[in-house]
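This report concerns only the one structure given below.
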Amino acid sequence: MKTVIKLALGVAMLALVTGAVVWTLNVRDELKISAPVAYAPSEVLVARGAYLAQAGNCMTCHTARGGQRYAGGLAIPTPFGTVFTSNLTPDENTGIGNWSSAHFWRAMHNGRSKSGRLLYPAFPYTNYTQVTREDSDAIFAYLRSLPAVVQSNRPHALRFPYQSQVALAVWRALYFRPGVFQPDAGRSADWNRGAYLVQGLGHCSACHSPRDALGGIGKGLELTGGLIPMQNWYAPSLGSPHEAGMADWDREQIVSLLQTGVSAQASVSGPMSEVVLRSTQYLTREDLGAMAQYLKELPRENPKRQVIVGQAPTIDTAKAAKLYEQHCAQCHGAKGQGVTNAYPALAGNRAVTMASTENLVQMVLGGGYAPATAGNPRPFGMPPFVLVLNDADVAAVVTHIRVSWGNQAGGITPMQVQRVRSNQAR
């Protein structure tokens with residue numbers, strides 16, 4: 001009996017200590033909120049906030065399809081259920097009209113709402129915590145200048161136990177540490193500005209990083225590439241020369257890609273098209289140049305993540321070549337050479353040869369266009385083949401592309417295509 005009592009006391013003590021640690025980690029660097037005061041921001045501050053909100057691509061998530069700007073209501077599917085974005089217009093009852101700039105700063109920096117409730121990291125405060133108070137105040141000033149929209153926030157639809165604040169507190173204790181960006185004195189001003197934008201407002205690591213079973217990003221794995229949850233697009237590593245590393249690119253080529261969606265080296269597709277369309281094309285060339293400098297200087301990735309050369313699955317090579325001739329060669333060329341400023345080359349294309357094949361299959365099935373930007377208003381596009389080619393056909397033509405014209409990548413199977421096709425149909 002004494003042993004049972006001792007065991008129970010030990011478990012209770014461990015639970016108390018664990019709870020204390022989790023609580024401590026969740027209130028570190030916590031902000032004390034004073035009563036709201038009269039708010040009358042300058043036009044300059046509002047204009048700066050509008051620019052920063054665009055840099056953060058805030059409107060894309062906080063605007064439902066067919067809804068009013070920044071009124072929220074967009075459903076964001078996650079592996080743990082659905083999160084609905086909040087109303088950021090200055091309505092006093094359903095938006096942020098009764099928030100102070102300090103409340104908004106706490107949301108950005110600490111991931112807490114006005115009431116103090118913990119926010120879900122679908123709102124990327126794990127990145128936004130690096131934003132300075134001055135920039136946070138400017139974004140708040142811009143949001144407060146918008147027309148107020150009466151639209152109540154929808155409750156999240158998360159499965160047990162992910163819907164609980166306790167589970168969220170544990171997640172934050174494991175993966176979140178608040179902290180404003182600290183410039184590196186050993187780096188240039190350009191590099192530091194680029195790091196601030198990429199790591200903070202741009203929240204690039206939210207997509208370009210691998211996530212574990214709990215949706216967290218391990219330390220040191222930021223920007224090393226990862227499958228975007230529920231979207232089944234692979235955001236490639238920004239450090240690997242075999243994926244999307246830009247160390248060898250000319251700086252202006254990176255600026256062009258972020259500003260127009262195309263460059264001499266590559267073009268954007270999938271979710272990145274929307275980022276360029278709604279965000280980066282509007283940034284100044286100075287800020288884009290700073291981001292380019294930071295991306296050029298990212299450490300090269302460990303060789304273990306380099307492209308995997310594998311033996312192609314058994315396919316009918318004659319049939320695969322015929323499929324390519326019928327459906328692909330007219331644009332991409334008989335030898336995969338592409339057409340300059342129109343259709344990308346497939347020979348030597350990293351998007352074709354990298355180990356992950358999700359994006360390539362997505363493009364064959366769903367087609368796609370580069371974004372229509374001021375610098376590239378009429379982009380060339382690719383039609384979808386989802387109703388034209390079956391899974392075996394897609395596997396054959398993709399394998400043909402990955403092993404032809406000097407490409408030395410592994411092939412894919414119809415099962416891999418079927419998995420992507422079924423995810424597209426959801």
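The values are calculated or read from the model by the stated rules, or taken from the named source; none is laboratory data. What you see is a predicted model, and the numbers here were worked out from it, not measured in a lab. Virtual Cβ from ideal backbone geometry, glycine too; neighbours counted across all protein chains shown.
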* Restricting attention to the stretch 166-217, which residues are touching a Leu at 6+ places or on another chain (Cβ under 7 Å), hydroxyl-bearing (Ser, Thr, Tyr) and under 23 Å from residue 136 (Cβ atoms)? -> 205
* Asked: Scanning for something in contact with a Cys (Cβ under 7 Å, 6 or more places away or on another chain) and modelled with pLDDT of 95 or more, does the stretch 183-199 turn up at least one residue?
  -> yes
* Asked: Of these, 392, 355, which one is within 27 Å of the chain's Cα centre (by Cα) and not in a strand (DSSP E or B)?
  -> 355
* Asked: Hey, does the stretch 303-321 have a residue that's modelled with pLDDT of 95 or more and within 18 Å of the chain's Cα centre (by Cα)?
  -> no
* Flag for residue 164 being farther than 30 Å from residue 347 by Cβ and not assigned by TED's automatic domain parsing to the domain that holds residue 340 -> yes
* **Any helices (runs of 4 or more DSSP H) falling wholly within the stretch 85-182 and containing at least 3 residues that are in contact (Cβ under 8 Å) with a residue 24 or more places away in the chain and surrounded by fewer than 19 Cβ atoms within 10 Å (Cβ to Cβ)** => 165-175
* Asked: Are there any pairs with C-beta distances below 6 angstrom linking a residue in the stretch 47-69 that is touching a residue at least 40 places away in the same chain (Cβ under 8 Å) to a residue that is among the acidic types (Asp, Glu), with the two at least 6 apart or on different chains, and if so which?
  -> 52/135
* Asked: Which members of the stretch 385-420 meet the condition of being charged (D, E, K, R) and touching a residue at least 12 places away in the same chain (Cβ under 8 Å)?
  -> 391, 393, 402
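Looking at the stretch 382-398, which of its residues are within 18 Å of residue 345 (Cβ to Cβ) and surrounded by 21 or more Cβ atoms within 10 Å (Cβ to Cβ)?
Within the stretch 382-398, 397, 398 meet the criteria.
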* Say whether the condition of being closer than 18 Å to residue 347 by Cβ and polar (S, T, N, Q) is met by at least one residue in the stretch 410-423. => no
* To do: Out of 243, 222, report the one residue that is buried (at least 18 other Cβ atoms within 10 Å of the Cβ), within 30 Å of residue 168 (Cβ to Cβ), charged (D, E, K, R) and out of contact with any strand residue (DSSP E or B) (no Cβ under 7 Å at 6 or more places or on another chain).
  => 222
